[in-house]
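Structure first, commentary second.
No value in this document is a laboratory result; all are computed from the given coordinates. Note that the coordinates shown come from a computational prediction; the quantities given were computed from them, not determined experimentally. For neighbour counting, all protein chains shown are included, and Cβ atoms are generated from backbone atoms with ideal geometry for every residue, glycine included.
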Amino acid sequence: MAAPHPEPAAAKVENLTCPVHPDQAIADDPAPGQLAQHKGHSIGFCSDRCAGEWARWSDARKASFLDLIAGADPR
Ligand SMILES: [Zn+2]
């Protein structure tokens, strides 16, 4: 049944595939190291190394990825 404590708004990953590896799906339940927050968006990665790679991307590159998933993912 419901958990005894209300969960803090769980960060729902908004992308279906890794930003670094567009052919790699994001796990249903990504590890904390496979997640990043960017301007209020929750981004998932296929591995923690990709999250590190994402951190080095420019804001413009991140923005174009967010544009991409905004159009492709109905969630
Ligand atoms: Zn990846």
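For region 40-62, the set of residues classified as surrounded by 14 or more Cβ atoms within 10 Å (Cβ to Cβ), among the small types (G, A, S) and part of a loop (DSSP other than H, G, I, E, B) consists of S47 only.
Within region 13-39, if we keep just the residues that are more than 11 Å from the ligand (Cβ to nearest atom) and in a strand (DSSP E or B), the residue that is nearest to F65 (Cα to Cα) turns out to be H38.
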